[in-house]
Amino acid sequence: MKISVSGIRGIYGQDLNLHEISKFTRLFASSMIKSGGGCVLARDTRPSSRIIAETAAATFMENGIDVYNLGVAPTPIVFRESRKYDGGLVVTASHNPLEWNGLKFIIKGRGIFENELDFMLNGMDISKSDKFGKLFDTVSNYKDEVADLIRKKAHNNRAVGLDLGGGATCGYFTQLFGRLEQKFFSINDIGGLSSRGPDPTTDNLQELRKLVTSNHLDFGFAFDLDGDRLVVVNNEGEKLSADTTLLICIASSLNLGMKKFVASLDTSLSVEKYVIQNGGSFDYSKVGEANVVKKMLNVDADAGGEGSSAGFIMPLFNMCRDGFLASAIISSTDRKLIEECLRFSSQYVQIRSKIPADIVVQSKVIEKFIDILKVDSSQVLTIDGVKAILDDDSWVLIRPSNTEHAIRISVESKTSKAQLLYKEMRERIQLVYDQVK
């Protein structure tokens, strides 16, 4: 089981069972009992999500918390809706394989911070209630709120393809683009049924690419099972990199007058350099949505996100990676600006991968790499694993995964140098891992 600011995740029926679900829900509920404002609950379309959501709802009510149930709903909707209540809970393992599932905790409209997670897991200040909570079905007007935000600059002559992956976005995205008055075609749009896997970043998205090219569409948008992760296909049927997708959203934000941005440490240099060249300021945070949001709140940033997941975040609207908002922004962005972003980002090559690694040895591997990377680096950052700045255009980041039993490797450089750098780093990591395991 993985426990982090990204939530609780495990393989259902193995290291994640209903006893664990009840335990973590009870710990989370204790932080809401005093205020009594209730919790919004939703789930994705995984086979195990319904029974997990029912168990979580029963646990909340047992502890005196009223539950406002959205049923099947994307994570961005739950985050925005949770601002009305004390908290939110999403039953999802996001882009992980179908046998996985988990819980994502929401406090004050944002993901749980590390200190809050530690406090919760240690069972501090567990409160009890003398009443039994109630269950209410609820709906959200989130789609209208996104449409109202975007509609003034939307291009009504755009046509897009939507690959919903059989996930929680089914039904929601078609309604959104209908409100934006943009023509759309959709595939994998029945909940629980999909011809591809849950993670669009690793899938070749052949169906979506064919849909875009055969219908001469402007874009194709693919989503993971809970709708916070977005992959964009251009009009030629080519997948854009996650960093390029984030850059387009940030460039559009700059055009709207936003100036202060934050991104995770594993985000492409192209994003930072574009922001600086266009008069903005830029800060980095640890990897992880909640970590990005925390840094945003600390520096009062306008927008930003995670380059590795194309996770665009605009905190005044929603304090999470928002695939809805990102797709609506991109479909409404001027073509010249998009072409400028494509040219700018094409200077850099990013490679991201992972090595399966037992959680007990991950920290030992990373500690050894701090000394290894210092030799050839101009700067070494250790706020999240170890990131080595090799030159003005090259870096490598080695860190423990927040969501899987793995060590993540991210490298960036120009042209073919990135591939050579990645090959070298992967071999060295594997060697160190074999030594310490």
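The values are calculated or read from the model by the stated rules, or taken from the named source; none is laboratory data. Predicted, not measured: the structure shown is a model, and the values here were computed from it. As a convention, Cβ positions derive from the backbone with ideal geometry for all residues, glycine included, and neighbour counts pool all protein chains shown.
Yes/no per residue for (1) within 28 Å of Leu98 (Cα to Cα); (2) basic (Lys, Arg); (3) at pLDDT 90 or above:
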{"residue": "Asp392", "(1), (2), (3)": "no, no, yes"}
{"residue": "Trp395", "(1), (2), (3)": "no, no, yes"}
{"residue": "Ser401", "(1), (2), (3)": "yes, no, no"}
{"residue": "His405", "(1), (2), (3)": "yes, no, no"}
{"residue": "Ser410", "(1), (2), (3)": "yes, no, yes"}
{"residue": "Ser413", "(1), (2), (3)": "no, no, yes"}
{"residue": "Leu421", "(1), (2), (3)": "no, no, yes"}
{"residue": "Asp434", "(1), (2), (3)": "no, no, no"}
By residue number, the members of region 1-34 that are acidic (Asp, Glu) and in a loop (DSSP other than H, G, I, E, B) are Asp15
Search result, residues across region 74-94 that are within 17 Å of Leu225 (Cβ to Cβ) and surrounded by fewer than 24 Cβ atoms within 10 Å (Cβ to Cβ): none
Being at pLDDT below 95, within 25 Å of Tyr142 (Cβ to Cβ) and not polar (S, T, N, Q) is the filter here, so list the residues in region 29-57 that pass it. Ala29, Met32, Gly36, Gly37, Gly38
For region 236-257, enumerate the residues that are of a type in the set (S, T, N, Q) and either closer than 17 Å to Thr201 by Cα or outside the structural domain of Gly323 (by TED's automatic domain parsing) (or both). Ser241, Thr244, Thr245
Kindly evaluate Asp203 against the criterion of being within 29 Å of Asn402 (Cα to Cα), in contact with a His (Cβ under 6 Å, 6 or more places away or on another chain) and of a type in the set (Asp, Glu). no
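Test of understanding: among Ser345, Ser353, Ser401, which residue is under 16 Å from Ile429 (Cβ atoms), crowded, with 19+ Cβ neighbours inside 10 Å and within 21 Å of the chain's Cα centre (by Cα)?
Ser401
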Does region 231-239 contain at least one residue that is within 22 Å of Gln347 (Cα to Cα), of a type in the set (D, E, K, R), buried (at least 24 other Cβ atoms within 10 Å of the Cβ) and in contact with a strand residue (DSSP E or B) (Cβ under 9 Å, 6 or more places away or on another chain)? no
Does at least one position in region 167-174 carry a residue that is in a loop (DSSP other than H, G, I, E, B), out of contact with any Gly (no Cβ under 8 Å at 6 or more places or on another chain), among the hydroxyl-bearing types (Ser, Thr, Tyr) and not assigned by TED's automatic domain parsing to the domain that holds Val292? no
With the first residue restricted to region 280-291 and required to be among the acidic types (Asp, Glu), and the second required to be in a helix (DSSP H, G or I) and surrounded by fewer than 23 Cβ atoms within 10 Å (Cβ to Cβ), Cβ contacts under 6 Å at 6 or more apart or on different chains are Asp283/Val299
Applying the selection to region 179-230, what residues are of a type outside the set (Val, Ile, Thr), buried (at least 22 other Cβ atoms within 10 Å of the Cβ) and in a helix (DSSP H, G or I)? Leu208
So which residues in region 256-291 are buried (at least 23 other Cβ atoms within 10 Å of the Cβ) and part of a strand (DSSP E or B)? Phe261, Val262, Ala263, Ser264, Ser285
Here the residues within region 78-102 that are part of a loop (DSSP other than H, G, I, E, B) and charged (D, E, K, R) are Asp86, Glu99
Is at least one residue of region 235-249 outside any helix (DSSP H, G or I) and of a type in the set (A, V, I, L, M, F, W, C)? yes
Among the listed residues Phe324, Phe317, identify the single one that is in contact with a Phe, Trp or Tyr (Cβ under 9 Å, 6 or more places away or on another chain) and aromatic (Phe, Trp, Tyr). Phe324
Residue list for region 380-398, restricted to those being of a type in the set (D, E, K, R), buried (at least 20 other Cβ atoms within 10 Å of the Cβ) and part of a strand (DSSP E or B): Lys387
Subset tally (residues that are closer than 17 Å to Thr403 by Cα and either small (Gly, Ala, Ser) or touching an Asp or Glu at 6+ places or on another chain (Cβ under 9 Å) (or both)) for region 67-99: 9
Restricting attention to region 103-116, report how many residues are surrounded by fewer than 22 Cβ atoms within 10 Å (Cβ to Cβ), in contact with a strand residue (DSSP E or B) (Cβ under 9 Å, 6 or more places away or on another chain) and outside any strand (DSSP E or B). 5
When Ser377 is evaluated against the numbered criteria (1) assigned by TED's automatic domain parsing to the domain that holds Arg399; (2) in a helix (DSSP H, G or I); (3) crowded, with 18+ Cβ neighbours inside 10 Å; (4) of a type outside the set (Phe, Trp, Tyr), which criterion, by number, is the only one it fails? (2)
Of the residues Gly71, Gly37, only one is surrounded by fewer than 24 Cβ atoms within 10 Å (Cβ to Cβ), on the phi > 0 side of the Ramachandran plot, outside the structural domain of Gly165 (by TED's automatic domain parsing) and not in a helix (DSSP H, G or I); which? Gly71
Going by the structure shown, is Phe312 assigned to a strand (DSSP E or B), buried (at least 24 other Cβ atoms within 10 Å of the Cβ) and among the aromatic types (Phe, Trp, Tyr)? yes
